[in-house]
Amino acid sequence: MHVPDGFLDAPTSVATGVVAAAAVAVALRGARRELDDRTAPMAGLVATFVFAAQMINFPVGAGTSGHLMGGALAAVLAGPWTAVLCLSVVLGVQALLMADGGITALGTNITLIGIVTVAVGWAVFALLRRVLPSRLAVVAPAAAVGALLSVPVAALVFTGLFALGGNVPVDLGAVLAAMLGWHTVIGIGEAVVTGLVVASVVGSRPDLVHGARPLLSERELETRTVEVA
């Protein structure tokens, strides 16, 4: 979903740039509560994995490209605020050094990939974690569902931005069909990858998975309660 330069008009690009800058500023403060000396390396690993995954691009029509996004994956593994920072860094490096996504569209790409996918993926994950049984086994499936839904939602948000400030002569219906159709398929692939990666980390080091910490705390509390009884 890397948006190229000139695809959206200047007011829309500036607006998304402001949104992205504000989100990064807030995330810098929020990430302090998510990271410590033990979990900080996870953020680096997440950023590296997402960077590698996003380098596999393919065209989806109307001048845009599709790829795995990693928002839900990063949020569950490292925390939502840290995920915003990880994806922003990845997108910045790609735009500045690899011409993957336009420099003037960097704010748009951060908004779509670094904010929308993270927010939707984490919100869905947190909701499922609350309503499903409090077991570590639910972490990976919940993360997969969050990933599945986050991708087409980001595609819909992009279509809305294009409707407001599209700067190329492409029919809005064609953009919607291409983006939503392809990104629904991409969402399925992202769900599979997210579920497998989260399951592998939870299986080996659940204490390093941000989304699993509340479940670990509950399990430890139950264990202590049984011991006291």
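The values are calculated or read from the model by the stated rules, or taken from the named source; none is laboratory data. Remember, predicted model here, so these are calculated numbers, not experimental data. Quick reminder, even Gly has a Cβ in these numbers, built from the backbone with ideal geometry, and neighbours come from all protein chains shown. Only protein heavy atoms, including side chains, enter the accessible area calculation; ligands, DNA and RNA are left aside. Shrake-Rupley method; radii C 1.70, N 1.55, O 1.52, S 1.80 Å.
Residue count for the range 34-52 satisfying the condition of being assigned to a helix (DSSP H, G or I), surrounded by fewer than 18 Cβ atoms within 10 Å (Cβ to Cβ) and not polar (S, T, N, Q): 5. Inside the range 64-113, residues that are in a helix (DSSP H, G or I), among the small types (Gly, Ala, Ser) and in contact with a strand residue (DSSP E or B) (Cβ under 7 Å, 6 or more places away or on another chain) make up a count of 0.
Inspect the range 156-163 for any residue being among the hydrophobic types (A, V, I, L, M, F, W, C), over 22 Å from residue 67 (Cβ atoms) and either in a helix (DSSP H, G or I) or in contact (Cβ under 8 Å) with a residue 24 or more places away in the chain (or both) and give the result as yes or no. Reasoning before the result, please.
Taking the range 156-163 and keeping what is among the hydrophobic types (A, V, I, L, M, F, W, C), we get 156-158, 161-163.
Cutting the leftovers down to over 22 Å from residue 67 (Cβ atoms) gives us 163.
Imposing the further condition that a residue be either in a helix (DSSP H, G or I) or in contact (Cβ under 8 Å) with a residue 24 or more places away in the chain (or both) reduces the set to 163.
Yes; the residues of the range 156-163 include at least one that is among the hydrophobic types (A, V, I, L, M, F, W, C), over 22 Å from residue 67 (Cβ atoms) and either in a helix (DSSP H, G or I) or in contact (Cβ under 8 Å) with a residue 24 or more places away in the chain (or both).
Quick one: residue 16 ticks every box in (1) modelled with pLDDT of 95 or more; (2) under 15 Å from the mean Cα position of the chain (by Cα) except a single one, so which number is it? The number of the failed condition is (2). Being surrounded by fewer than 23 Cβ atoms within 10 Å (Cβ to Cβ) and assigned to a helix (DSSP H, G or I): is that true of residue 173 here? So residue 173 passes the test. The C-beta contact set for the range 9-30 (first residue touching a residue at least 60 places away in the same chain (Cβ under 8 Å), second residue assigned to a helix (DSSP H, G or I) and of a type in the set (Asp, Glu), distance under 6 angstrom, 6+ apart or interchain) is empty. Condition (residue is under 11 Å from the mean Cα position of the chain (by Cα) and small (Gly, Ala, Ser)) applied to the range 96-109: is it met by at least one residue? Scanning the range 96-109 turns up no residue that is under 11 Å from the mean Cα position of the chain (by Cα) and small (Gly, Ala, Ser). Evaluated against (1) in a helix (DSSP H, G or I); (2) in contact with a strand residue (DSSP E or B) (Cβ under 9 Å, 6 or more places away or on another chain), residue 123 falls short on exactly one condition, (2). Here is the figure for the range 122-152: residues that are open to solvent by 40 Å² or more (accessible area, probe 1.4 Å) and among the β-branched types (Val, Ile, Thr) total 2. Do you know which of the residues in the range 1-33 that are touching a helix residue (DSSP H, G or I) at 6+ places or on another chain (Cβ under 7 Å) and in a loop (DSSP other than H, G, I, E, B) is surrounded by the fewest Cβ atoms within 10 Å (Cβ to Cβ)? Within the range 1-33, the match that is surrounded by the fewest Cβ atoms within 10 Å (Cβ to Cβ) is 9. Of the candidates 119, 105, 99, the single residue that is open to solvent by 10 Å² or more (accessible area, probe 1.4 Å) and over 21 Å from residue 143 (Cα atoms) is 99.
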